[in-house]
1. Taking the convex hull of the Cα atoms, report for the chain its projected area averaged over all directions, in nm².
2. How high is the FRET efficiency between Ser73 and Ala130 when r is their beta carbon distance and R₀ equals 35 Å, given to the nearest 0.05?
3. Placing one identical point scatterer on every Cα of the stretch 110-181 and ignoring solvent, what is log10 I(q)/I(0) from the Debye formula at q = 0.17, 0.18, 0.24 Å⁻¹?
4. Taking neighbour counts of Cβ atoms within 10 Å as a proxy for exposure, in what order, fewest first, do Ser12, Ser162, Ser61 appear?
5. Out of every Cα pair in the stretch 6-114, what percent are spaced more than 17 Å from each other?
6. Where the centroid of each part is defined by its Cα atoms, how far is the stretch 136-158 from the stretch 65-100 in Å?
7. Find the centroid of the Cα atoms in the stretch 179-217 and in the stretch 25-42, then give the distance between the two in whole Å.
8. Return a whole-number percent for the relative contact order of the chain, with Cα pairs under 8 Å and 6 or more residues apart as the contact set.
Amino acid sequence: MQIAAIIKEIPSILREVVLAPALRTAALLILPYAGVCVGLDVASRYGDVTGQALPVQFFLSQDHGFGEYLEYSLLMAVAAMLFLMWRRDRSPIYLVNAILFVYLTADDAFEFHEQFGFWIAPALAKILPANLPMAPHYFGEPLLFVGVCLAWFVALGFALRSSKPRPVVNSLILMVCIFMMAFFGIIVDAATDWGPHTIARTDIDAFIEDGGEFVMIIVSFLCTAAMYDIEKRRAKALRDSGVAAELPLAA
């Protein structure tokens with residue numbers, strides 16, 4: 001594996017992604033609506049504390065709420081762009097990540113990890129100390145994430161053998177976003193149930209969890225939009241100039 005080639009590509013690709021016009025264009029389209037969703041979430045949590053209930057669709061965490069529909073759209077858009085990048089580039093690492101984002105969309109919509117946590121909670125309750133300040137299902141949720149990650153890592157291992165350095169670096173950027181999503185969606189989510197909480201404390205913790213996951217989904221989309229546009233332009237430039245594409249990491 002050409003580790004040196006990958007490391008050499010990281011600074012230039014990061015700079016390309018951050019400065020890509022497509023990132024700014026996508027941000028201009030997405031951020032205004034995202035800002036409205038965050039504002040509605042803040043208002044609804046303030047209403048929750050003061051006893052002035054607002055429509056549940058205002059909460060970022062509410063299934064089929066305004067923020068959740070944006071999350072579904074962005075996650076599926078990332079999966080679609082990665083699939084198209086695989087079709088054009090044939091680096092299988094794009095396909096592996098596209099499949100993962102399809103799963104993340106389904107998990108976000110149908111709460112697979114939450115359901116798994118509740119399903120395995122009775123078994124965990126038998127082996128965990130009884131005086132823990134957190135419900136057993138919060139210990140079960142990371143187990144599904146670990147299983148998904150193991151399958152993802154195995155697939156990435158096979159994909160690395162026939163992927164080029166640039167797709168690998170692009171995937172590393174998305175990997176950071178994915179783990180940050182998991183941090184807010186699982187670790188911070190568990191913290192909202194750790195020990196006694198007032199209504200205000202619960203709403204603050206929940207806002208950090210939901211807002212953090214929401215932001216990382218948006219960042220994933222913006223980065224992927226930038227990558228998609230950059231790689232599309234590079235592929236066209238290479239075709240026009242007749243220059244051969246990069247060699248895979250391994251034969």
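1. The directionally averaged projection comes out at 15.3 nm².
2. 0.25
3. -0.74, -0.78, -1.04
4. Fewest-to-most Cβ neighbours within 10 Å comes out as Ser12, Ser162, Ser61.
5. 68 percent
6. Spelled out, the Cα-based centre of one part sits 19 Å from the other.
7. When both Cα centres are located, 19 Å separates them.
8. Relative CO of the chain lands at 28 percent.
Each reported figure results from applying straightforward, stated rules to the coordinates on display, with no laboratory input. Just so you know, these numbers come straight off a predicted model, no measurement behind them. Because the Cβ atoms are built from the backbone with ideal geometry, glycine has one as well, and the counts that use them run over all protein chains shown.
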